[in-house]
Amino acid sequence: MANANDQHPITFQGTKLAFVNHIAYLVIIIPEVMKPLFSLVFILVFSSCAMMQSIVKSTFPYTTTVTIPQTSKPGQELSVSSMATSFDQDFRKDGNNGAKVSEVRMVSAKLESVEPTDFNIGNLSMVKVYMAKADGSNEVLVASRTDITAGVGNSIVLDIDNSTFLDERVREPQIKIRMVYKLRKAIDVSPNLHITLGLSAYPNKQ
């Protein structure tokens, strides 16, 4: 008498073979299906990195050093000028990034004594910093401090004025910085003061 279990090996073997064939099909097909997905993920990651780089490149400082003559008379508004430079020279209009950013604004400003390093900026009662093109045209106020305390030390943060876009000025090959100052009292050295102007920009919408 035949055992009931003897009726299933063929069906079982057929199912097993079909299952193996199905797995083999998936092994072949899935990589082909996933290729576009992997490509999409790669593009998104690359774009995100490029966007992050753009954001980083859109925040940059302009720096310059001015010298206050030891012969400056206290109580009078005087001024000194110097050309400013930026580490990101490609930001100029003829560079790689000049046409890619707009709405350039002042975001920070600092004044620091570099020679001698212990010169007290409190010897000044006020400062105003202006930015212009190299020939002095299109000058605008970008930072100031009118309440400098006598014992402030060798550095001070300035109050920014970001009411004006600076696109045209920073796209010039050179930028002229003029610092208006007033001495609180006579000084016995000609200090070099380092000005750091932090600018930011947005990606150009055009």
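Restricting 186, 143 to those that are at pLDDT 95 or above, aliphatic (A, V, I, L, M) and assigned to a loop (DSSP other than H, G, I, E, B) reduces the list to 186. Considering the stretch 146-155, the residues that are in contact (Cβ under 8 Å) with a residue 24 or more places away in the chain and assigned to a loop (DSSP other than H, G, I, E, B) include one that is surrounded by the fewest Cβ atoms within 10 Å (Cβ to Cβ), namely 151. Put simply, of 172, 168 the only residue that is surrounded by 15 or more Cβ atoms within 10 Å (Cβ to Cβ) and within 23 Å of the chain's Cα centre (by Cα) is 172. Among the residues of the stretch 89-139, the ones that are aliphatic (A, V, I, L, M), crowded, with 18+ Cβ neighbours inside 10 Å and modelled with pLDDT of 95 or more come to 6 in all. If the condition is being assigned to a loop (DSSP other than H, G, I, E, B) and in contact (Cβ under 8 Å) with a residue 60 or more places away in the chain, then the stretch 156-183 contributes 165, 166, 171, 172, 173, 174.
The values are calculated or read from the model by the stated rules, or taken from the named source; none is laboratory data. On a predicted model such as this, the values are computed, not experimentally measured, just so you know. For neighbour counting, all protein chains shown are included, and Cβ atoms are generated from backbone atoms with ideal geometry for every residue, glycine included.
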